[in-house]
Amino acid sequence: MTIPVEPTQCIDAADMLRRQRVAFTSEGPPSLAQRKARLTRLRAVVLTYRDAVKEAISADFGHRSHHETDIMELVGVIQSIDYLTRNLRRFMKPQPRHVGIAYRSGRAWVEYQPKGVVGVMAPWNYPFSLTFIPLATALAAGNRVLLKPSELTPRTSVLIRQMLADTFSADEVAVVLGGPEAGAAFSSLPFDHLLFTGSTQVGRKVMKAASENLVPLTLELGGKSPVIVARGHVDERTMGSIVFGKLSNGGQTCVAPDYALVHEGDIEDFVTQFDAMVARSYPEGPTGSDYTSIVSDRHFQRLVDLVEDARRRGARVVEAGVRPETAGNRARTLAPTLIVGAIDESAIMQEEIFGPILPVRPYRDMEEVIEYVNARPRPLALYYFGNEDNDECRALLARTTSGNTGVNNTLMHVAQDDLPFGGIGPSGMGAYHGVEGFRAMSHAKGVFVQGRWNLPSLLRAPFGKVLDLALTVTLGRSRKPVAKP
Ligand code: NAD
């Protein structure tokens, strides 16, 4: 099933935006109680449609583990709504700020105002949580929201539209369906804020389109996130976590470990233990109920080509766990695969993999790891397995820059509601989750109220002794120059 892009689509979206903006300006910013009521409605509709969501996503993927949809999407959405509801009063409170001595007895504070209408553009890989968590955040911040889900998960997108139409009026929350053309039109609308989750390549286009209207932007993009295993730390905990992070959702996770950097003396142990852990985690093999398929034929073929390119260039390809030939057949199912010894020029070491394939690259010491990571675009996540209390770990964390970092785990930073989530440079711009999400979708308005008496109120031309006094108070007395260190 594909959703046709109707020629009226962008006109509709522009019209929906206009209606939402009129409603926003005429009704004013919602109170704490109104925002909480919207979050409560959102929470209820998620739970009502829980089974339908799992079925729609699975049908869109060919097969998506229902357990994964529960853990990686539904729980995350409910957790996020509850976190926002619990903390909203604190987030909304105006923050008193310091007033300089010359401006006393004035008062200064910051107010967090809703921006107005927020646009949310979502990808297909977590089609539910990547629309609903930004939606919950935008509603908590008091905004109206227009959503554009992905065309690659058409059943889920139609279901999302239905769920939200049942729950909100169109001037509170509305959904626009369609593919790249609808996406391009959507990103050129004059929103008050736009949150885009998707590829770095499309993110560039979205930023260009948003710049035409100077729309403030949060970009949640992708990239190659490394996992680094310290010497001697190939063990059950490490392998359990790497297998979970790499193979959940068939590897189609933006923060999945993309490739592993393993000490040269531990490579064979890593291959053996990865194989054993995959067999343990997926005893029915890649056609078992907990193993997810690749979303489309194009993505499936892209992954097959990446493996073939690496093989042609001399890498060793190891299919891990229960072998596919003994496990039946299912469309677009790719066995968990290790690539050992891929050269840096091979495509698999250049582009984001986004599938159940893990290249393993040897290193000699941590200095080499730091150089390797720093010579590449800044990743969305970086994972380290080893002793968190030693100099090696401290140096790695201090001298590399990634969106987030996980020590002795993969993916779990995303589940921490109070941590910001976002990339840096090619992996993204800005963040949501935590108070950072609320603030990204709010305008921090500084307010200064002049007191009855203070120095600036006495400042009027002609300037004379009053100005001299004011300058002495603000600048202080002259000092000797400070020498360079
Ligand atoms: P994508 O960039 O192809 O699509 C994302 C959205 O953009 C979709 O709604 C799509 O319809 C729309 N779109 C497509 N072409 C467009 C255009 N020319 N102009 C405007 N909009 C357009 O991404 P995808 O394939 O759906 O998702 C996979 C990518 O998303 C991966 O790179 C992954 O790392 C990234 N991702 C990032 C995060 C994060 O939180 N940082 C989360 C999930 C996925």
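The values are calculated or read from the model by the stated rules, or taken from the named source; none is laboratory data. These numbers come from a predicted model, not from an experiment. Cβ atoms come from the backbone with ideal geometry, glycine included; neighbour counts cover every protein chain shown. Side chains included, ligands, DNA and RNA excluded: accessible areas come from the protein's heavy atoms. Shrake-Rupley method; radii C 1.70, N 1.55, O 1.52, S 1.80 Å.
Quick notes
- Cβ pairs under 6 Å, 6+ apart, first in segment 292-308 and more than 16 Å from Pro154 (Cα to Cα) and touching a residue at least 60 places away in the same chain (Cβ under 8 Å), second acidic (Asp, Glu) and outside any helix (DSSP H, G or I): none
Here's the yes/no breakdown for (1) open to solvent by 40 Å² or more (accessible area, probe 1.4 Å); (2) within 16 Å of the ligand (Cβ to nearest atom); (3) farther than 22 Å from Glu436 by Cα:
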| residue | (1), (2), (3) |
| --- | --- |
| Met349 | no, no, yes |
| Met366 | no, no, yes |
| Ala375 | yes, no, yes |
| Arg378 | yes, yes, no |
| Arg394 | yes, no, yes |
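- Residues that are open to solvent by 20 Å² or more (accessible area, probe 1.4 Å), in contact with an Asp or Glu (Cβ under 9 Å, 6 or more places away or on another chain) and either modelled with pLDDT under 95 or of a type in the set (Gly, Ala, Ser) (or both), drawn from segment 103-128: none
- All helices (runs of 4 or more DSSP H) inside segment 129-215 with 3 or more residues being more than 9 Å from the ligand (Cβ to nearest atom): 129-140, 154-167, 200-212
- Scanning segment 271-291 for residues that are touching a residue at least 40 places away in the same chain (Cβ under 8 Å) and assigned to a helix (DSSP H, G or I) yields Val271, Phe274, Asp275, Met277, Val278, Ala279, Ser281, Gly285, Pro286, Thr287.
- Residues that are part of a helix (DSSP H, G or I) and of a type in the set (A, V, I, L, M) within segment 260-270 comprise just one, Ile267.
- Flag if Ala470 is at pLDDT below 95 and either open to solvent by less than 50 Å² (accessible area, probe 1.4 Å) or within 29 Å of Pro114 (Cβ to Cβ) (or both): yes
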